[in-house]
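Asker: Below: one structure in structure tokens.
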Amino acid sequence: MTVTQPPTPPPSALDRADERLSQDDGFAGALRSFWRSVKAGDVGVLPVVIGLLVICTIFQSLNPIFLSSANLVNLTLDSCAVGIISLGIVCVLLVGEIDLSVGSVSGLSGAIVGVLSVRHGWNWMLAVVLACAVALLIGLIYGIALTRFGMPSFVASLSGLLAFLGLQLAILGDQGSVNLPFDSALVQFAQVAFVPAWLSYTLAVIAGAGLFVSGFERRQRRKKANLSVGSLNFLVLRSVALVAGLGIFAWYLNQERGVGWMVVLFVALVLVLNYAFTRTKWGRSLRAVGGNEEATRRSGINVGRIYLTAFAVCSFLACVGGILAAARLASANLSSGTGDVNLNAIAAAVIGGTSLFGGRGSAFSALLGTLVIAAIASGLTLLNLDSSYRFIITGLVLAVAVAIDSVARKSRASHGRA
Amino acid sequence: MTVTDTATSTSLLSLRGVNKSFGAVNALTDIELDVAAGEVVALVGDNGAGKSTLVKVLAGVHQPDSGTVTFAGEPVAITDPSAAIQLGIATVFQDLALCENLDVVDNLFLGRELTPWRLDETAMEVQAWKLLQQLSARIPTVRIPVASLSGGQRQTVAIARSLLGQPKVIVLDEPTAALGVAQTAEVLDLIERLKDRGLGVVMISHNMEDVRAVADRIVVLRLGRNNGEFDAKTVTTQDLVAAITGASDNAVTRRRDRAGAEGDGGTEAP
């Protein structure tokens, strides 16, 4: 339908009436407006996608195993725990705060589940529920420390980092580690539960259909309300591309063990949080608090509650990530959640394009940023380089990501896009 | 004051003996204010007279230390901004209080989003356009961040936002300060339309022309106290300036006298 479109369609839609607006209709228009917003500093996920391609190209040329099915299966499984923790980080970054203790909270949660279910014979589900409750409580404490006592979250969570690490050590006791039995449901889920091939393709089709239906419905509603609508061809193309992309990816992984259920859980959480961030009042409020806290307060939003929920969601996701990390290793020990877990989770969110300055970010940034970090770790392991290189390279990538964030922020300011 | 007594019977919002201090500074002392439905009350005063503090008390940002606030005949406590909004007091702040990272629609509906668990973007956008057209706003698109709007456009967005919740009283803090000639006229027209719709309007302005153009009553604050109340149709600028500055011999009159003397002597600078 766009092929025969007249060069200048009449600007009749309610939101296209102003003659100063450039009329970006159809497929080319969608590309044009995308390019314009990138130039203005609204880069979104573009840098991380480019970065991911560069990293994959380099490692693949150095070691052809890198992009093999077997390695990608491992890479996707290894991303999940940090990725889920990183999702929580996006949440607190959106309100312009930080949680430095996600690593400790994840380690603590793994320890709680391990000790209760193995040493005390608890039902594992009960242990998970208790760990989640503890994590929620921790998040609430940070929220209250900020809203009641005005403690900067940087300091509150830094002290939390130490305190909860101590608690983790105390819970693990003298032995220092708990091995989860291989036949426990958690370990099975994290290590050997894979989506059957037919179901993986079905999920790919469902994802594409979901994208198309939601886009089409939105289009119909806007048309009915006499608002401008995007190109239908573009929507169809995107949906088909999504089905094809996911389908090929699933097919490639299915050459080996396949798509882990843990990966499906991670992606599902990304989608849920993406919905929460973009389509609910809560998500809107997170962004508003990150943009202008005082204005948000004056518009009648309970800002304190927004902070509380942001920290609670962050700690909760850190707990989920910690439990999955323990399950993946089949062990909860002294080093769970220590080392680079904290910084990897924060770096993943920032590398993915979530701003450190608050008010900007998306759930997908956690997904993409985690892939970058996992790809670096996996590639360097394949090259037999030890963690010194991994730390150096991850640090450099983080520095580049923050630099891009800052430059894009300045560019947005000068282009009036804040 | 007889004017106040007659106003009490019909007033929508009235303040009696309101005090507010910040540490040792008494920002507001025994403030009285009445606003009736369909009335425009202008609040004038010099810098530091307490106008913005009073606005923040009405908006629920600050709580008065003592005194009573009566709304629609009922004594009320405006404990926080959402309480003010629920009562029907909408405020346009001097600093506009917009989130620059959010777009126009998001800002208009901030805190009042339709269907909180599944935001109805389409309905919100349509309502935003209708509202902005009512205000004859010249905003090219409502899907750009507020950061890219000019001062006047932001002012319009802020006023439009205050109108969303069907308020009964609207408080405008310096609504024309950042506006061009045409937009100022638009805002003054708008204030008259609000008045015709039966809303009470409290307007703060430094511009005496604007004040006299639309206000019914002018309430003067000076150093945190009421310092006179005038009928906008009959008051002279001289009286107003005297009430605002607290003396008939003030910087404004002195400057005028001096300018007059220089003009007579023909000694103007080249």
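Asker: Suppose we filter A:Gly359, A:Gly353, A:Gly339 for residues that are under 22 Å from A:Thr147 (Cβ atoms) and either outside any helix (DSSP H, G or I) or within 14 Å of another protein chain (Cβ to nearest Cβ) (or both); which single one remains?
Answerer: A:Gly359
Asker: Which helices (runs of 4 or more DSSP H) sit wholly inside the range A:231-313 and have at least 2 residues that are farther than 30 Å from A:Ser153 by Cα?
Answerer: So the answer is A:232-254, A:261-279.
Okay, residues lined up against (1) out of contact with any helix residue (DSSP H, G or I) (no Cβ under 6 Å at 6 or more places or on another chain); (2) modelled with pLDDT of 85 or more; (3) within 25 Å of B:Val181 (Cα to Cα); (4) among the acidic types (Asp, Glu):
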{"position": "B:Asn207", "(1), (2), (3), (4)": "yes, yes, yes, no"}
{"position": "B:Val214", "(1), (2), (3), (4)": "no, yes, yes, no"}
{"position": "B:Gly224", "(1), (2), (3), (4)": "yes, yes, no, no"}
{"position": "B:Phe230", "(1), (2), (3), (4)": "yes, yes, no, no"}
{"position": "B:Gly246", "(1), (2), (3), (4)": "yes, no, no, no"}
{"position": "B:Asp249", "(1), (2), (3), (4)": "yes, no, no, yes"}
{"position": "B:Thr253", "(1), (2), (3), (4)": "yes, no, no, no"}
{"position": "B:Gly263", "(1), (2), (3), (4)": "yes, no, no, no"}
{"position": "B:Ala269", "(1), (2), (3), (4)": "yes, no, no, no"}
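Yes or no, residue by residue, for (1) assigned to a strand (DSSP E or B); (2) at the interface with chain A (Cβ under 8 Å from one of its Cβ atoms); (3) touching a strand residue (DSSP E or B) at 6+ places or on another chain (Cβ under 8 Å):
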position	(1), (2), (3)
B:Arg118	no, yes, no
B:Ala123	no, yes, no
B:Ala128	no, no, no
B:Leu132	no, no, no
B:Ile170	yes, no, yes
B:Thr176	no, no, no
B:Leu190	no, no, no
B:Glu209	no, no, no
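Each row is one residue, and each column tells you yes or no for (1) in contact with an Asp or Glu (Cβ under 7 Å, 6 or more places away or on another chain); (2) of a type in the set (D, E, K, R); (3) part of a helix (DSSP H, G or I); (4) more than 25 Å from A:Phe249 (Cα to Cα).
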site: A:Trp35; (1), (2), (3), (4): no, no, yes, yes
site: A:Val38; (1), (2), (3), (4): no, no, yes, yes
site: A:Leu53; (1), (2), (3), (4): no, no, yes, no
site: A:Phe59; (1), (2), (3), (4): no, no, yes, no
site: A:Pro64; (1), (2), (3), (4): no, no, no, no
site: A:Asn71; (1), (2), (3), (4): no, no, yes, no
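Asker: Return a yes/no flag: does the range B:92-99 have any residue that is away from chain A (no Cβ under 11 Å), in contact with a strand residue (DSSP E or B) (Cβ under 9 Å, 6 or more places away or on another chain) and under 21 Å from B:Ala42 (Cα atoms).
Answerer: yes
Asker: May I pose another question? Return yes when B:Ser136 is surrounded by fewer than 22 Cβ atoms within 10 Å (Cβ to Cβ), free of Cβ contacts under 8 Å to residues at least 24 places away in the same chain and out of contact with any Ser or Thr (no Cβ under 6 Å at 6 or more places or on another chain) and no when it is not.
Answerer: No; evaluated as a whole, the condition is false for this residue.
Asker: Return only the number of the condition from (1) of a type outside the set (Val, Ile, Thr); (2) at the interface with chain A (Cβ under 7 Å from one of its Cβ atoms); (3) within 20 Å of A:Gly304 (Cα to Cα); (4) in a helix (DSSP H, G or I) that B:Lys56 does not satisfy.
Answerer: The single condition B:Lys56 does not satisfy is (2).
Asker: Do you know which residues across the range B:42-61 are farther than 20 Å from B:Ala160 by Cα and in contact with a Leu (Cβ under 9 Å, 6 or more places away or on another chain)?
Answerer: B:Leu43, B:Val44, B:Gly45, B:Asp46, B:Gly48, B:Ala49, B:Gly50, B:Lys51, B:Thr53, B:Leu54, B:Val57
Asker: Test each condition in (1) at the interface with another protein chain (Cβ under 9 Å from one of its Cβ atoms); (2) in a helix (DSSP H, G or I); (3) of a type in the set (D, E, K, R) for B:Arg143 and report the one that comes out false.
Answerer: (2)
Asker: Only one of A:Gly300, A:Gly358, A:Gly322 is of a type in the set (Gly, Ala, Ser), at pLDDT below 95 and out of contact with any Pro (no Cβ under 9 Å at 6 or more places or on another chain); which?
Answerer: After ruling out the rest, the residue left standing is A:Gly358.
Asker: Just to be sure before I move on: is B:Arg154 part of a loop (DSSP other than H, G, I, E, B), within 14 Å of another protein chain (Cβ to nearest Cβ) and either surrounded by fewer than 22 Cβ atoms within 10 Å (Cβ to Cβ) or of a type outside the set (Asp, Glu) (or both) in the structure I sent?
Answerer: So B:Arg154 fails the test.
Asker: Tell me whether the range A:237-258 contains one or more residues that are more than 19 Å from A:Leu72 (Cβ to Cβ) and over 23 Å from the mean Cα position of the chain (by Cα).
Answerer: yes
Asker: So which of B:Lys56, B:Lys20 is within 15 Å of the chain's Cα centre (by Cα), crowded, with 16+ Cβ neighbours inside 10 Å, over 30 Å from A:Arg219 (Cβ atoms) and of a type outside the set (S, T, N, Q)?
Answerer: Result: B:Lys56 is the single residue among B:Lys56, B:Lys20 that is within 15 Å of the chain's Cα centre (by Cα), crowded, with 16+ Cβ neighbours inside 10 Å, over 30 Å from A:Arg219 (Cβ atoms) and of a type outside the set (S, T, N, Q).
Asker: For the condition within 14 Å of chain B (Cβ to nearest Cβ), within 21 Å of A:Leu371 (Cα to Cα), touching a helix residue (DSSP H, G or I) at 6+ places or on another chain (Cβ under 8 Å) and not hydroxyl-bearing (Ser, Thr, Tyr), what is the one hit in A:Asn254, A:Asn274?
Answerer: Exactly one of A:Asn254, A:Asn274 is within 14 Å of chain B (Cβ to nearest Cβ), within 21 Å of A:Leu371 (Cα to Cα), touching a helix residue (DSSP H, G or I) at 6+ places or on another chain (Cβ under 8 Å) and not hydroxyl-bearing (Ser, Thr, Tyr), namely A:Asn274.
Asker: Look through the range A:289-302, keep the residues that are free of Cβ contacts under 8 Å to residues at least 40 places away in the same chain and aliphatic (A, V, I, L, M), and return whichever of them is farthest from B:Thr79 (Cα to Cα).
Answerer: Once the filter is applied, the top-ranked residue is A:Ala295.
The values are calculated or read from the model by the stated rules, or taken from the named source; none is laboratory data. Source: prediction; values computed, not measured. Reconstructed Cβ throughout: ideal geometry from the backbone, glycine too, with neighbour counts over all protein chains shown.
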